[in-house]
Every structure is written in C-alpha cells, then in structure tokens.
1. Report the extension gain between residue 2 and residue 54 in nm, rounded to one decimal, defined as 0.36 nm multiplied by the number of residues separating them, less their alpha carbon distance.
2. Take the chain, connect every pair of alpha-carbon atoms lying under 10 Å apart with a spring to form a Gaussian network, then pick out the residue of 119, 44, 99 with the largest mean-square fluctuation.
3. Applying the Karplus parametrisation 6.51 cos²θ - 1.76 cosθ + 1.60 with θ = phi - 60° to the phi angles of the range 55-64, what ³J(HN,Hα) value in whole Hz is obtained for each residue in order, glycine and proline being reported as x?
4. Of the beta bridges DSSP finds with both residues in the chain, what % are antiparallel, to the nearest 5?
5. Taking the Cα atoms of the range 79-130, what is the range of coordinates along each of the three principal axes, in descending order and whole Å?
6. Along Cα→Cβ, 7 Å out, is where each label goes; now give me the distance between the ones at residue 96 and residue 110 in nm to one decimal.
7. Ordered by residue, what ³J(HN,Hα) values in Hz, to whole numbers, does the range 14-20 give under the Karplus form 6.51 cos²θ - 1.76 cosθ + 1.60, where θ = phi - 60° and Gly and Pro are x?
8. Any idea what the alpha-carbon Rg over 2.2 N^0.38 Å comes to for the chain?
Amino acid sequence: MCGAVTVTATPERPAVAACHCEMCQRWAAGPFLSFQAQPGYAALGPVRTYQSSSWAERAFCGECGSVLWYRMTAPGPHHGQTQISAGLFENAGDTTLSLEIYIDKKPEGYAFDSDCRKLTGADVIEMFAPSPEGDSQ
Ligand SMILES: [Zn+2]
Ligand SMILES: [Zn+2]
C-alpha cells in the first residue's frame, strides 16, 4: 500500500487460492487470496514477519502493515512454500480462483461465485501434516 516493500515473484501456476481459516480472517479482514510463488521470489524493503503458528509465518510491510505473504516454516516437503498476497499484483483479479481451503470456516454471509475445488480444514491438515516416514526435501 505505501510502496516501501517491492516484491518480485513468479506464480507457480496462474491460479488464485482463498483461505477462509480464522487466522486469515483476522489477518486479511476476510479470505486471504494468494498465489503460490515459485522458489526464488525476492522482496526489498522493510519486511517484518510474525510466527503465527508452529508451522508458518506471515510477512507484512513494516511501514504500513500491508499483508505480503504466508510461508511454511516447518520442516518437511512443504518447507518454504510461500503464498503471496494476490493483492500485490496488478492483474490478480483477471486470474481464476482455483481453490478454497478451510471452507468449513467460511462465514455464512458471503461466498465466491465459483465451482472450484474446496477443502475443509481437516482435508488441509491431512495434506500438510508431516508424513510418518519423516519425508524431508
Ligand atoms: Zn488461512
Ligand atoms: Zn507498506
């Protein structure tokens, strides 16, 4: 919002995901809309991070507080996976919504007009839980 932080990133695929979890509602005033970034994205400026759970951190602009990204910090195959705020990109609104997660936490008062894939919180936890074999990439 203030321009102090510049983010350069390439989306993993041209698709926006929405997270309806309670933390994202607090953080983003509603669903958190994001792109998964390819590794090697870069940010210049006063980036601050907050460890919001034992497995992830959230980054924001140290000047104005704008939401920047959500990054997995737990070891395992998803370590470092980063969801960058769709709002940072000029043409994000042209991109199709491809996934909604924590759909069971979405408030009744609104919904996206989309028939995209939807996962509950339990589905997501199952997907991201470390495997019993201790898979580590
Ligand atoms: Zn969330
Ligand atoms: Zn800012």
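1. Details: separation 52, 0.36 × 52 = 18.72 nm, distance 2.97 nm.
So the extension gain works out to 15.8 nm.
2. Comparing 119, 44, 99 in the GNM, the peak value goes to 44.
3. Taking θ as phi minus 60°, the curve returns 10, 8, 10, 10, 10, 8, 6, x, 8, 10 Hz for the range 55-64.
4. Numbers: 23 of 30 bridges.
Percent antiparallel among DSSP bridges in the chain is about 75.
5. Principal extents (largest minus smallest coordinate, Cα): 35, 32, 17 Å.
6. Between residue 96 and residue 110, the label points sit 2.3 nm apart.
7. Result, ordered by residue: x, 8, 9, 10, 10, 10, 9 Hz.
8. Details: Rg = 14.9 Å, N = 137, 2.2 N^0.38 = 14.3 Å.
For the chain, the normalised Cα radius of gyration is 1.04.
Laboratory data are not the source of any read-out in this text; all were calculated from the coordinates shown. Values in this document were obtained by computation on a predicted structure and should not be read as measured data. So basically every Cβ, Gly included, is an ideal-geometry build from the backbone, and we count neighbours across all protein chains shown.
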